[in-house]
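Peer 1: Quick one: the structure is below, and I'll ask about it shortly.
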Amino acid sequence: MESPTNMLLLLIIPINFFILGSSRLGACIRTTALQGSILALISFLMHPVSGHTLFLSGSALALKGVLMPNLLFRAIRQVQIRREIEPLIGYVPTLILGTLAMAGAFIFSDYLPLIEAHRGSLIIPVGLSTLVTGFLMLTTRRKALTQVLGYLIFENGVFIFGILLADAMPLMVEAGILLDLLVAIFVMGIIINQINREFSSMDVEDLSSLRE
């Protein structure tokens, strides 16, 4: 299953670039949902079929591919915002930073002391690249909703690394991780709603106007 897994992992790279370079929130949400669905399939392919594997893959697909994108689409319908207009760093510089970081991730992964079973796999460099993509989204975007997407992508990077340890991690630990992710999205949804209610905008820079 290594070859199909690597082919699916390769799809994550252009998805990361698209998210970094797109201002359309709807397209970014759909792409993030696609990324989550691919990760759910990868987790299924990398491990023998069992109740543990089915739970991890099914939960990831339900949360990352269906539930959370629907919550985000509901949010953009309520606040009537379709684009990230003025990021803190332009889209071209963000893509350049993303390219350099992803190249560094592939170089760095070659020097890691991996076990033989993981040599030649793209899971380490793709996981690092996805972490960097999420971090760039969190730090270079102004809209709270776009930063929520950055958090989701960052968590997808963590999930990629978690796939390697799926056999060793107890079922309850994985359930706790997925539950924490779902709770975090609900909390962020409340924050987005409050920002929009107070300022009629989702620009996080408006928070600087708050005073004790």
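The values are calculated or read from the model by the stated rules, or taken from the named source; none is laboratory data. For clarity, every value in this text was computed on a predicted model and none was experimentally measured. Virtual Cβ from ideal backbone geometry, glycine too; neighbours counted across all protein chains shown.
Peer 1: Out of all the residues in the range 1-47, which are outside any helix (DSSP H, G or I) and out of contact with any helix residue (DSSP H, G or I) (no Cβ under 9 Å at 6 or more places or on another chain)?
Peer 2: Of the range 1-47, the ones outside any helix (DSSP H, G or I) are 1, 22-24, 46-47.
Within the range 1-47, just 24 meets the criteria.
Peer 1: Within the group 89, 85, 115, which residue is among the β-branched types (Val, Ile, Thr), surrounded by 13 or more Cβ atoms within 10 Å (Cβ to Cβ) and either at pLDDT below 85 or over 29 Å from residue 164 (Cα atoms) (or both)? Before the answer, list the steps.
Peer 2: Details: 85 fails: surrounded by 13 or more Cβ atoms within 10 Å (Cβ to Cβ); 115 fails: surrounded by 13 or more Cβ atoms within 10 Å (Cβ to Cβ).
The conditions single out 89.
Peer 1: Moving on. Select from the range 120-135 the residues that are over 11 Å from the mean Cα position of the chain (by Cα) and assigned to a helix (DSSP H, G or I) and write down the one among them that is surrounded by the most Cβ atoms within 10 Å (Cβ to Cβ).
Peer 2: Within the range 120-135, the subset over 11 Å from the mean Cα position of the chain (by Cα) is 120-126, 128.
The next check asks that each one be assigned to a helix (DSSP H, G or I); those that pass are 123-126, 128.
On the way: 123: 21, 124: 21, 125: 22, 126: 27, 128: 21.
My answer is 126.
Peer 1: Scan the range 34-44 and give yes if some residue there is within 19 Å of residue 136 (Cα to Cα) and of a type outside the set (Val, Ile, Thr), otherwise no.
Peer 2: Taking the range 34-44 and keeping what is within 19 Å of residue 136 (Cα to Cα), we get 35-36.
Filter again for of a type outside the set (Val, Ile, Thr), leaving 35-36.
Scanning the range 34-44, I find at least one residue that is within 19 Å of residue 136 (Cα to Cα) and of a type outside the set (Val, Ile, Thr), so the answer is yes.
Peer 1: Quick check, is residue 13 under 28 Å from residue 95 (Cα atoms), out of contact with any Ser or Thr (no Cβ under 9 Å at 6 or more places or on another chain) and surrounded by 14 or more Cβ atoms within 10 Å (Cβ to Cβ)? It would help to see each step written out before you state the result.
Peer 2: On the way: under 28 Å from residue 95 (Cα atoms): yes; out of contact with any Ser or Thr (no Cβ under 9 Å at 6 or more places or on another chain): no; surrounded by 14 or more Cβ atoms within 10 Å (Cβ to Cβ): yes.
Judged against the criteria, residue 13 is not a match.
Peer 1: Tell me, please, whether a residue that is modelled with pLDDT under 80 and surrounded by 16 or more Cβ atoms within 10 Å (Cβ to Cβ) can be found in the range 25-43. Step through it out loud before you land on a result.
Peer 2: Of the range 25-43, the ones modelled with pLDDT under 80 are none.
Looking for residues that are modelled with pLDDT under 80 and surrounded by 16 or more Cβ atoms within 10 Å (Cβ to Cβ), one finds none in the range 25-43, hence no.
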